[in-house]
Amino acid sequence: MTDLQHIIFLTGFMGSGKSTVGPHLARRIGYDFADMDNRIEQSEGASIPDIFNKRGEAYFRRTEVEILRELSGGDGKIVVALGGGTLTSEECRNIVRDRGVLVYLQVSTPKVLERVGRNRERPMLLSPKGEVMSDVELSERIESLINEREKYYLKANLVINATEMTVLECVEEIASKLKGFVE
């Protein structure tokens, strides 16, 4: 990683606030903003659940690598909201490590459940049959996925406990801690 970075990557579990905080942070620090999931949907002409259902998770993850390469290949200043599972790919981890500053928005399992628990648009939170799970099953699934992914999230340059923060509090916390990483 070079001394000063032009790409800020936001990571964290689904519902951590990456797509909400990202545009506000970008405006605050004078950067552009891109949301990985939105870019994938635009590129594929399909929603994330449709991509998972029709092409599978492996296809989605390959597409994610390509989109991340595109977003991180320029010289512009940009905040990128990664997908919750982006860092499960070693190739994605290497791109992020080499190209920018990684900020982990950490939130508790109950907060994730509160924000996204009943959302059918989250394929990773549906049963194998594509059905909404009970609160207990859903909580266990969220906890399991967070535990599986957190080893990657915790390699971030900055960790922000965003569980009880408002969007603006989170933006200000990140902006203040980014000094020294970005111009």
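Residue-wise, which Karplus ³J(HN,Hα) couplings in Hz belong to region 20-36, taking 6.51 cos²θ - 1.76 cosθ + 1.60, θ = phi - 60°, and x for glycine or proline?
Values per residue, Gly and Pro as x: 8, 6, x, x, 5, 4, 4, 4, 4, 9, x, 10, 7, 9, 9, 10, 4 Hz.
Under 5 Å between amide H atoms, partner at least 5 residues away or on a different chain: which partners does TYR104 have, H built in plane at 1.01 Å?
Those qualifying (amide H under 5 Å, at least 5 residues apart or on another chain) are THR11, LEU158, VAL159, ILE160.
At a 10 angstrom cut-off on C-beta neighbours, averaged per residue, how do the peptides 149-158, 21-30, 7-16 rank from highest to lowest?
For the peptides 149-158, 21-30, 7-16, the packing ranking is 7-16, 21-30, 149-158.
Tell me the label-point distance for the pair ARG27, LYS155, using the 7 Å Cα-to-Cβ offset, in nm and rounded to one decimal.
Distance between the two pseudo-spin positions: 3.3 nm.
Label-point separation (nm) for ARG62 and ASP135, each offset 7 Å from Cα along Cα-to-Cβ?
4.1
Normalising by the residue count of the chain, find the relative contact order in percent from Cα pairs under 8 Å and 6+ residues apart.
Computed value for the chain: 36 percent relative contact order.
Taking the Cα centre of the chain as origin, work out the dipole magnitude from +1 charges on Lys and Arg Cβ and -1 charges on Asp and Glu Cβ, in debye rounded to 20.
Roughly 100 debye, rounded to the nearest 20.
Per-residue HN-Hα couplings for region 139-156, Karplus 6.51 cos²θ - 1.76 cosθ + 1.60 at θ = phi - 60°, whole Hz, x for Gly and Pro?
4, 5, 5, 4, 4, 4, 5, 4, 4, 5, 9, 4, 4, 7, 4, 6, 7, 4
For ASN53 and ASN94 in the same chain, what is the full-extension length gain: residue separation times 0.36 nm, less their Cα-Cα distance, in nm?
12.0 nm
Given region 7-178 reduced to its alpha-carbon atoms as identical point scatterers, what log10 I(q)/I(0) does the Debye formula return at q = 0.15 Å⁻¹?
Results for region 7-178 at q = 0.15 Å⁻¹ read -0.82.
Here, each number is a calculation from the coordinates, and none is a lab measurement. These figures come from a predicted structure and were not determined experimentally. Every residue, glycine as well, gets a Cβ built from its backbone with ideal geometry; the counts of neighbours run over all protein chains shown.
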